[in-house]
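Just so it is clear, none of the values below were taken in a lab; they were calculated from the coordinates. What you see is a predicted model, and the numbers here were worked out from it, not measured in a lab. Cβ coordinates were reconstructed from backbone atoms using ideal geometry, including for glycine residues, and neighbour counts include every protein chain displayed.
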Amino acid sequence: QKEVEQNSGPLSVPEGAIASLNCTYSDRVSQSFFWYRQYSGKSPELIMSIYSNGDKEDGRFTAQLNKASQYVSLLIRDSQPSDSATYLCAVTRDSNYQLIWGAGTKLIIKP
Amino acid sequence: KAGVTQTPRYLIKTRGQQVTLSCSPISGHRSVSWYQQTPGQGLQFLFEYFSETQRNKGNFPGRFSGRQFSNSRSEMNVSTLELGDSALYLCASSLWDSGGEAFFGQGTRLTVV
């Protein structure tokens, strides 16, 4: 089992709809969780960080964390074609503070 | 505030040569991590340096090495280059000493011919 798992996609969502991206992790004591966006040929860009259970909102983005279920998600409201990218989930391994990365979900927003 | 700077941006090397890549982290950041990314692959962790010490290491052969200087700038070196080393090499810096938010440089695209 991979430490951080994401559906590779592609996930196709109509413009204006809500895109929902999911990530599960195996280290029960992980404390820090991050979502990154990576456009093709570019480097990853931090979108959201979340550290406690519940929702965290920033503009059109909402991160949701459920530590009991070892699950973190990213919702993108009013999806735009510019949101088309690969979204990477990252989790801090508590034992050595290393960031562990999922393989990413490719999101396509259809105009 | 300047971001993470990686040099050079592009590099073409011949098989068997060696290469050194440089990364200057965000001012005040003490942790620098290096990643390899190939088409269709996720981020493959190479190593992380914190306060001039290698704190974590990924599963790469010994041809891949790195170091960090007292000003937190970091270099990674790849010796005896192979065609399979062609990739985007990314550097990320963090403020925390506990795996906090990481900020990436633009990367160095290495092509081995």
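Residue check, residue A:71 against (1) over 28 Å from residue B:46 (Cβ atoms); (2) over 13 Å from the mean Cα position of the chain (by Cα), all met but one. Which one?
Among (1) over 28 Å from residue B:46 (Cβ atoms); (2) over 13 Å from the mean Cα position of the chain (by Cα), residue A:71 violates only (2).
For a quick check of your reading: which strands (runs of 3 or more DSSP E) sit entirely within the stretch B:34-113 and have at least 3 residues that are under 22 Å from residue A:47 (Cβ atoms) and without any contact (Cβ under 8 Å) to a residue 40 or more places away in the chain?
Strands (runs of 3 or more DSSP E) meeting the threshold: B:44-50.
Can you give me the number of residues within the stretch A:72-98 that are part of a strand (DSSP E or B) and either of a type in the set (A, V, I, L, M, F, W, C) or surrounded by fewer than 16 Cβ atoms within 10 Å (Cβ to Cβ) (or both)?
9
State which residue pairs qualify: first residue closer than 19 Å to residue B:90 by Cβ and more than 10 Å from chain B (Cβ to nearest Cβ) and inside the stretch A:36-55, second residue of a type in the set (Asp, Glu) and surrounded by fewer than 19 Cβ atoms within 10 Å (Cβ to Cβ) in any location, beta carbons under 6 Å apart, and separation of 6 or more residues or different chains.
A:37/A:45
Specify the residue that is surrounded by the most Cβ atoms within 10 Å (Cβ to Cβ); the eligible residues are those in the stretch A:99-111 that are within 14 Å of chain B (Cβ to nearest Cβ) and under 12 Å from the mean Cα position of the chain (by Cα).
Only one residue tops the list, namely A:102.
Could you go through the stretch A:57-70 and let me know if any residue there is assigned to a loop (DSSP other than H, G, I, E, B) and of a type in the set (Val, Ile, Thr).
no
Condition first: under 14 Å from residue B:30 (Cβ atoms) and under 11 Å from the mean Cα position of the chain (by Cα). Now tell me which residues in the stretch B:41-72 satisfy that.
B:48, B:49, B:68
Which ones in the stretch A:3-44 are of a type in the set (Gly, Ala, Ser) and under 14 Å from residue A:64 (Cα atoms)?
A:19, A:20, A:32, listed by residue number.
Working carefully through the options B:50, B:69, find the one that is at the interface with another protein chain (Cβ under 10 Å from one of its Cβ atoms) and over 21 Å from residue A:104 (Cβ atoms).
B:50
Output the residues belonging to the stretch A:60-71 that are hydroxyl-bearing (Ser, Thr, Tyr) and surrounded by fewer than 18 Cβ atoms within 10 Å (Cβ to Cβ).
Those that are hydroxyl-bearing (Ser, Thr, Tyr) and surrounded by fewer than 18 Cβ atoms within 10 Å (Cβ to Cβ): A:69, A:71.
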